[in-house]
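One structure is given here, and the rest of the page talks about it.
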Amino acid sequence: MGNPKAFLTVPRKEAGYRPVHDRIHDFGEVEQTLNTKDRQEQASRCMDCGVPFCHWACPLGNKDPEWNDALYHGEWETAYKLLKKTNPFPEFTGRICPALCEKACVLYHTTGEAVTNRENEAAIAERAFLEGYVTIENPQRNGKKVAVIGAGPAGLAAANDLNLMGYTVTVFEKNEAAGGLLRYGIPNFKLNKQIIDRRISVMEQEGVEFRYNSEISEESGISGISRDYDAVVISTGTPTARDLKAPGRELKGVHLALELLSQQNRVLAGMSFSDEERITTKGKNVLVIGGGDTGSDCIGTAHRQGCKSVTQIEIMPKPPVGHNPNTPWPNWPVILKTTSSHEEGCTRRWNINTLEFLGENGKVTGVKVQPIDWKPNPEGGRPIMVEAGEPEIIKAELVLLAMGFLKPEHPEYPDNVFVCGDAANGASLVVRAIASGKQTAQKVDAFLKR
Ligand SMILES: Cc1cc2nc3c(=O)[nH]c(=O)nc-3n(C[C@H](O)[C@H](O)[C@H](O)COP(=O)(O)OP(=O)(O)OC[C@H]3O[C@@H](n4cnc5c(N)ncnc54)[C@H](O)[C@@H]3O)c2cc1C
Ligand code: SF4
């Protein structure tokens, strides 16, 4: 284990974010890094618990105690090798994972200060690329072909594992580049897209073929491809965002969150859009409907594009700060989350229902909302929404709908077709998508070896 007394003597230290006045003017990553000494000291806090809940809570089963120990001793290459055993893309999760492991850490439960597993993971991954521990494998081919449809984290994980097992893997992606929501959802200030390019380059050198601008339609494409390939993995995510069918939805200036986010990421990648197509928050009062992470990403993007103000509303009540007795361990703690984007400035409101989009000359000017409350349902089940006060109008020249995604439905596929990631489970997390891709690679392998 690490230093047996470090958890008593070394406090948790996060690298923190770049100062708001600095980061707000660019789309560079907001998170900073610790120096090597501090990073190793943070790893020394891991107590190597007899039952490591962090390992259990991580959907990938990452062996945090093992690699934290190697990191503490300065054995960076060993740390990377241990991490790579369970996580093919620690440079992604190290940046944007909500760190399920840290909410399971015994130090979190006893002192409120979990080991900085996520940041440690990112540090190990970056050192591995820097020092050349990320090597190109040359797997021996077994003569079988697998098609992967969709190059998000689930598809990439499945493709990576199947390729390393010896299958000849072709990834079909409808977009012009790989990454899925890593590239066209998550803003650059959380994940620089060169980090994705660097990993795709490794996979290409190892033999994975990527075919971009290749949409495989559910109707005809999948049955055709399932005849041409020994197996097919569908990892097409959740393409349909939840919409808000309130009056005035057709007004100009009301958009789904991803319309803003994906366009902004494309602009940063060098694409241009006409004034008519371009969605911008510049000089506008922005209203984000939906209190989750996608909404938060809209807030950070709105600031960087130069909005006048930004308000985020959520229909559910404000979660408690720090601890929620309704979500005890081992549930995920539903507590108030304040992201780097919230820190940059935002009015946040809860218990607000949207009634109507208001506009002039076809353009949105505001949204009529209703403050509400939730009363317990005497018959059990979902609480009942009741009005709490008078309706009011929130002024907004741009409204972004960030209310989640619909879980896709799939027809019955031939036996050699497998579905994974958000396409199988509904909208979730990158770490769960990677885990699902890896599990699916195992299922494909078992199927093709039967
Ligand atoms: C704005 C936003 C921010 C998020 N932030 C975080 C975060 O910080 N941390 C976190 O853990 N999770 C986050 N998530 C969730 C996370 O991004 C997803 O859970 C994850 O990307 C799902 O991976 P996936 O591979 O299943 O699907 P996706 O990432 O959606 O990838 C699906 C891929 O399939 C392609 N595709 C679709 N249909 C076809 C077709 N017919 N033919 C060919 N290709 C097709 C798509 O173009 C896409 O590239 C965020 C989600 C959003 C929307
Ligand atoms: S992938 Fe996420 S949950 Fe797993 S060890 Fe890394 S930060 Fe923790």
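The values are calculated or read from the model by the stated rules, or taken from the named source; none is laboratory data. Because the structure is predicted, anything quoted here is derived from the model rather than measured. Ideal geometry is used to build each Cβ from the backbone, glycine not excepted, and the neighbour counts take in all protein chains shown. These accessible areas exclude ligands, DNA and RNA; they are computed on the full protein's heavy atoms, side chains included. Shrake-Rupley method; radii C 1.70, N 1.55, O 1.52, S 1.80 Å.
Some points to look at:
- Extension gain (nm, one decimal) between Leu130 and Ser272, 0.36 nm per residue minus Cα-Cα: 47.8 nm
- Less than 5 angstrom separates the built amide H of Gln312 from those of Val288, Thr347, Arg348, Arg349, all sequence-distant by 5 or more or on a different chain.
- Residue order for His342, His109 - accessible surface, 1.4 angstrom probe, largest first: His109, His342
- Expressed as a whole percent, the accessible area of the chain that falls on carbon and sulfur atoms is 50 (1.4 Å probe).
- Extension gain for the segment Gln442 to Arg382, taken as residue separation times 0.36 nm less the Cα-Cα distance, is 17.8 nm to one decimal.
- Phi-based couplings in Hz for the range 189-196 (Karplus 6.51, -1.76, 1.60; Gly and Pro marked x): 6, 9, 8, 5, 6, 5, 5, 6
- Looking at the range 6-131, the pairs of alpha carbons with a distance over 21 Å make up 35% of the total.
- If you sort His25, His73, His255 by accessible surface, 1.4 Å probe, largest first, the order is His25, His73, His255.
- For the chain, the antiparallel share of DSSP beta bridges with both residues in that region comes to about 35%.
- Probe 1.4 Å, all protein chains present, accessible-area order of Trp67, Trp332, Trp76, largest first: Trp332, Trp76, Trp67
- Percent RCO, i.e. relative contact order, over the range 6-131, from Cα pairs under 8 Å lying at least 6 residues apart: 27 percent
- Once the 1.4 Å probe is applied to the protein heavy atoms, the chain comes out at 47 Å² accessible per residue.
- With 29 Å as the limit, the listed pairs Lys63/Lys174; Lys13/Lys84; Lys103/Lys245 have Lys63/Lys174; Lys103/Lys245 beyond it between alpha carbons.
- Counting only DSSP beta bridges with both residues in the range 254-401, the antiparallel share comes to about 50 percent.
- Scattering profile of the chain at q = 0.07, 0.11 Å⁻¹ [log10 I(q)/I(0), Debye over alpha-carbon scatterers]: -0.39, -0.97
- In order through the range 60-70: 3J(HN,Hα) via Karplus (6.51 cos²θ - 1.76 cosθ + 1.60), integer Hz, x for Gly, Pro: 8, x, 4, 8, 3, x, 5, 6, 5, 5, 4
- Amide proton proximity set for Asn353, modelled H, under 5 Å, gap of 5+: Gln370, Ile372
- Contact order normalised by residue count of the chain, Cα under 8 Å, 6+ apart, percent: 16 percent
- Seen through its C-alpha gyration tensor, with square-root eigenvalues sorted a ≥ b ≥ c, the range 254-401 comes out oblate because a/c lies at 1.5 or above while a/b is not bigger than b/c.
- Projected-area average for the range 117-162 over all orientations - Cα convex hull basis, square nanometres: 4.5 nm²
- Label-point separation, Asn324 to Asp48 (7 Å along Cα→Cβ), nm: 3.5 nm
- Along the range 154-171 the Karplus relation, 6.51 cos²θ - 1.76 cosθ + 1.60 evaluated at θ = phi - 60°, assigns HN-Hα couplings of 5, x, 5, 5, 5, 4, 4, 5, 5, 4, 5, 7, x, 6, 8, 10, 10, 9 Hz to successive residues, with x for each Gly and Pro.
- Summarising the label geometry, the points placed 7 Å from Cα in the beta-carbon direction at Asn331 and Asp38 lie 3.6 nm from one another.
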